[in-house]
1. Among the residues of region 99-134, write down those that are under 22 Å from residue 48 (Cβ atoms) and crowded, with 20+ Cβ neighbours inside 10 Å.
2. Name the pairs: first residue in region 145-165 and closer than 19 Å to residue 180 by Cα and in contact (Cβ under 8 Å) with a residue 12 or more places away in the chain, second residue crowded, with 21+ Cβ neighbours inside 10 Å and of a type in the set (Phe, Trp, Tyr), Cβ to Cβ under 6 Å, at least 6 apart or on different chains?
3. Tell me yes or no: at least one residue of region 122-130 is touching a strand residue (DSSP E or B) at 6+ places or on another chain (Cβ under 7 Å) and of a type outside the set (Val, Ile, Thr).
4. Going by what's in this entry, would residue 37 be described as in contact with a helix residue (DSSP H, G or I) (Cβ under 8 Å, 6 or more places away or on another chain), in contact (Cβ under 8 Å) with a residue 40 or more places away in the chain and surrounded by fewer than 20 Cβ atoms within 10 Å (Cβ to Cβ)?
5. Assuming residue 183 fulfils every condition listed in (1) within 18 Å of residue 161 (Cβ to Cβ); (2) in a loop (DSSP other than H, G, I, E, B); (3) of a type outside the set (Gly, Ala, Ser) apart from one, which condition is it?
6. From the set of residues in region 281-307 that are over 26 Å from residue 233 (Cβ atoms) and small (Gly, Ala, Ser), which is nearest to the chain's Cα centre (by Cα)?
7. Write out, first by first residue and then by second, each pair whose Cβ atoms fall under 6 Å of each other, whose residues are 6+ apart or on separate chains, and whose first residue, in region 266-278, is touching a residue at least 24 places away in the same chain (Cβ under 8 Å) and of a type in the set (S, T, N, Q) while the second is surrounded by 19 or more Cβ atoms within 10 Å (Cβ to Cβ) and assigned to a loop (DSSP other than H, G, I, E, B).
Amino acid sequence: MRSLVVFSAALLLVIAPSAEAQQKRVVCYFSSWATYRNGDGKFQAENIDPFLCTHVIYSFVGVNTDGSVRILDSWNDISLNGFKRFNALKQTNPNLKTLVAIGGWNEGSIRFSDICKTTASRTTFVNNLYNFVKTYEFSGLDIDWEYPAQRGGVSADKANFVSLVRELKAKFAPEGLVLSAAVSAGIWAAGVSYDIPQLSANLDFINLMTYDYHASYDGKTGENSPMYAASIDTDKNLNVHATVSHWIQQGADRSKLVLGVPLYGKSFSLQVPTNTALGAPASGAGTAGVYSQEAGFLMYSEVKNLN
């Protein structure tokens, strides 16, 4: 079977009026596990250009049931000074903001949901997050709860997420610490998970995860991060334009929206090797990359080497 890669690449760029151009916000996520890859796939904190982005985010840390922060890779993050080396980028560029992301897809939703249910448990969580950020000298925090009121969460998560953000802001703002969140690109998910006006009012910026709209689970080829709907799309909301428009229409401050564009490709195994069109039948994910070792996913360095 032949593999087809659907790839788009760019940095995370702010969506803002022209008046904001002089204060451009460029947010970049650092996948800390890339340190374990070989060859051109290996990427460490020292490889980050500290002048390329205004904000860089270290991915990820987790959360324990008691509201404490869980270090997911103590060998890399602590023993090999991953946190320290990452934050040392500020020595080269003092204007750079370094954040740490808590959550991610693998962390799920249930522990966030449980911790945010009461004022007391949220207070513990907020204090632990604040202490963690200060201890390891980050400039702030990115909340990557995937997703409130989904994946085992409860409907009250939507309101409790706002409460968490408000309480974090009250703790962080006096210290000049940055607070952001990564949110689902799905329009249905936005209605279930997010009070958009309140999140916009209390976060410094919002990272829209406008990628992974299509992948091998669709059973057909599709673009990872399409700007607009294709003529063959049955769901016209699975694209960047629809997501951004929805958030703005629902009350988000457009100057706080950061558009996520992936630096990786999605690949598919084609049922008919000669049919490489959008919507072509796919039997599954494409062959794993030599560096990423993940079926259906290719890093930028792997895409560059495709024939």
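The values are calculated or read from the model by the stated rules, or taken from the named source; none is laboratory data. As the structure is a computational prediction, the values presented were derived from the model and not from experiment. We place every Cβ from the backbone using ideal geometry, glycine too, and count neighbours over all the protein chains shown.
1. Across region 99-134, the qualifying residues are 99, 100, 101, 102, 103, 133.
2. The qualifying pairs are 145/112; 148/161.
3. Going through region 122-130, the residues touching a strand residue (DSSP E or B) at 6+ places or on another chain (Cβ under 7 Å) turn out to be 128-129.
Add one more test, that the residue is of a type outside the set (Val, Ile, Thr), and what stays is 128-129.
Yes: region 122-130 contains one or more residues that are touching a strand residue (DSSP E or B) at 6+ places or on another chain (Cβ under 7 Å) and of a type outside the set (Val, Ile, Thr).
4. On the way: in contact with a helix residue (DSSP H, G or I) (Cβ under 8 Å, 6 or more places away or on another chain): no; in contact (Cβ under 8 Å) with a residue 40 or more places away in the chain: yes; surrounded by fewer than 20 Cβ atoms within 10 Å (Cβ to Cβ): yes.
Answer is no for this residue.
5. (2)
6. For region 281-307, the residue satisfying everything is 292.
7. 267/286; 267/296; 269/286
Listed here are the residues, each with its yes/no results for (1) crowded, with 19+ Cβ neighbours inside 10 Å; (2) touching a strand residue (DSSP E or B) at 6+ places or on another chain (Cβ under 9 Å); (3) β-branched (Val, Ile, Thr); (4) modelled with pLDDT under 95.
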position	(1), (2), (3), (4)
136	yes, yes, no, no
143	yes, yes, yes, no
157	yes, no, no, no
178	yes, yes, yes, no
183	yes, yes, yes, no
194	yes, yes, no, no
